[in-house]
1. Quickly run through the stretch 64-76 and pick out the residues that are open to solvent by 80 Å² or more (accessible area, probe 1.4 Å) and either at pLDDT 85 or above or among the basic types (K, R) (or both).
2. Please work out which one of (1) among the hydrophobic types (A, V, I, L, M, F, W, C); (2) more than 14 Å from D60 (Cα to Cα); (3) open to solvent by 50 Å² or more (accessible area, probe 1.4 Å); (4) not in a helix (DSSP H, G or I) is the condition C24 fails and give its number.
3. Condition check: at pLDDT 85 or above, small (G, A, S) and out of contact with any strand residue (DSSP E or B) (no Cβ under 8 Å at 6 or more places or on another chain). Does G41 satisfy that?
4. Could you please give the count of residues in the stretch 1-21 that are in a helix (DSSP H, G or I) and open to solvent by less than 70 Å² (accessible area, probe 1.4 Å)?
5. Check off (1) in a helix (DSSP H, G or I); (2) open to solvent by 40 Å² or more (accessible area, probe 1.4 Å); (3) of a type in the set (G, A, S); (4) in contact (Cβ under 8 Å) with a residue 12 or more places away in the chain for A50 and give me the number that stays unchecked.
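The values are calculated or read from the model by the stated rules, or taken from the named source; none is laboratory data. These numbers come from a predicted model, not from an experiment. Please note: Cβ atoms are built from the backbone with ideal geometry, for glycine as well, and neighbour counts cover all protein chains shown. Ligands, DNA and RNA are stripped out before the accessible areas are found, and what is left, the full protein with its side chains, is counted by its heavy atoms. Shrake-Rupley method; radii C 1.70, N 1.55, O 1.52, S 1.80 Å.
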Amino acid sequence: MHYLKSIREHLGVSQRAMADGLGCTQANVSNYENGQTLPPGAAGRLIEYAQSFGVDIGFDHVYGGARLPELAKKRHPTAEQA
C-alpha cells in the first residue's frame, strides 16, 4: 500500500501537476491512487517532488503512512490547485 493520494492532497496539487512532477501521465497517477502498485522509482521521484515544495518526506511516508510534515509557507511555483 502507498499514500500517493494523501501526499498529493497534502501538497495541494492536481493529478496533472503531480504527473508532470513525476514524469508520468495523469492516468498513471489516477491508477496509482486507485490501487496500482507505486514502483520504487516513482516513489523516489515523489519524494523529490515533495521536497521541491519544502516538504521533507521519505519512503516511510510513501509506503508506511508516516505523518506528513507541515507544508512550507511558499507554494511550488508550478503547482496547480487540486
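1. In the first step, residues of the stretch 64-76 are kept if they are open to solvent by 80 Å² or more (accessible area, probe 1.4 Å); the result is 67, 70, 73-75.
Within the stretch 64-76, R67, K73, K74, R75 qualify.
2. Among (1) among the hydrophobic types (A, V, I, L, M, F, W, C); (2) more than 14 Å from D60 (Cα to Cα); (3) open to solvent by 50 Å² or more (accessible area, probe 1.4 Å); (4) not in a helix (DSSP H, G or I), C24 violates only (3).
3. Details: at pLDDT 85 or above: yes; small (G, A, S): yes; out of contact with any strand residue (DSSP E or B) (no Cβ under 8 Å at 6 or more places or on another chain): yes.
Answer is yes for this residue.
4. So in the stretch 1-21, the residues in a helix (DSSP H, G or I) come out as 4-11, 15-21.
Add one more test, that the residue is open to solvent by less than 70 Å² (accessible area, probe 1.4 Å), and what stays is 4, 6-8, 10-11, 15, 17-19, 21.
The qualifying residues number 11.
5. All conditions pass for A50, except number (2).
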